[in-house]
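Single-structure report; data block below.
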Amino acid sequence: MNSDWVISHARTHILNAFERLTSARKAAHSAYLSSLPFYSIYMQYSGHPPLHPAALAQLQAQISEAHAELKRGIDADWRASVLRYPEVLDYFYSLVEIRLPSERSPQVAEPPFAVAGYADRGYERSGIGKEIKRKSRRDRDSATPAPGAGRPRRVEDLTYPVVGRSRAPPMVPTPPIPVQPGYQYPPGGAYFGY
């Protein structure tokens, strides 16, 4: 949400600055064209004035060069505006304030989902725990140890299943379930499966 606000304001600022630059450049372009000899007659006759061909060719060359210069200038204004984008982003990010609640705040110490009383069964339902139990039982029952059986297990071996070459993300916990009569929750609240 904060990044959307920053990006929106930074873009608006860059576009407004670019618009101011191009407006000034277009005004200077119009003033230059108006100062050219025979330009008003050229516009009055929609580009076909009753002028000597040499004078008309010279005027058309000046107009063409002025248009090309305007385009180059607008492109340069756009590049200059875009190059300022990181600086403008930094500025708007510096305005964002994040307020963290106190660790003693009731919302942090006792969030609503913890006081509702539920058991997180995501780890047990995922089948990861069963797979580990099966492997350890298989290793214990076999006469010849499996390769790597003598080494201690690493925590990451037990945490995430391997999918292809990368480890899969942890399973998402299940939603809260109603409190079951007679069930003893561990001291300190619900079990989170970590």
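Each reported figure results from applying straightforward, stated rules to the coordinates on display, with no laboratory input. The structure presented is a predicted model; accordingly, all values stated were derived computationally and were not measured. Because the Cβ atoms are built from the backbone with ideal geometry, glycine has one as well, and the counts that use them run over all protein chains shown.
The figures follow:
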{"item": "Estimated FRET transfer efficiency when R0 is 45 angstrom, pair Q60-S3 (beta carbons, to 0.05)", "result": "0.35"}
{"item": "Dipole of the stretch 2-95, positive end: most advanced residue of H52, Y91, Q62 [Cβ charges, Cα centre]", "result": "H52"}
{"item": "Total formal charge among the other residues, if their Cβ is under 13 angstrom from that of Y93, Lys/Arg +1 and Asp/Glu -1", "result": "-4"}
{"item": "Inter-label distance, nm, simple model (7 Å from Cα along the C-beta direction), Y91/A27", "result": "2.1"}
{"item": "FRET E, pair L100, A17, Förster distance 22 Å, beta-carbon r, rounded to 0.05", "result": "0.05"}
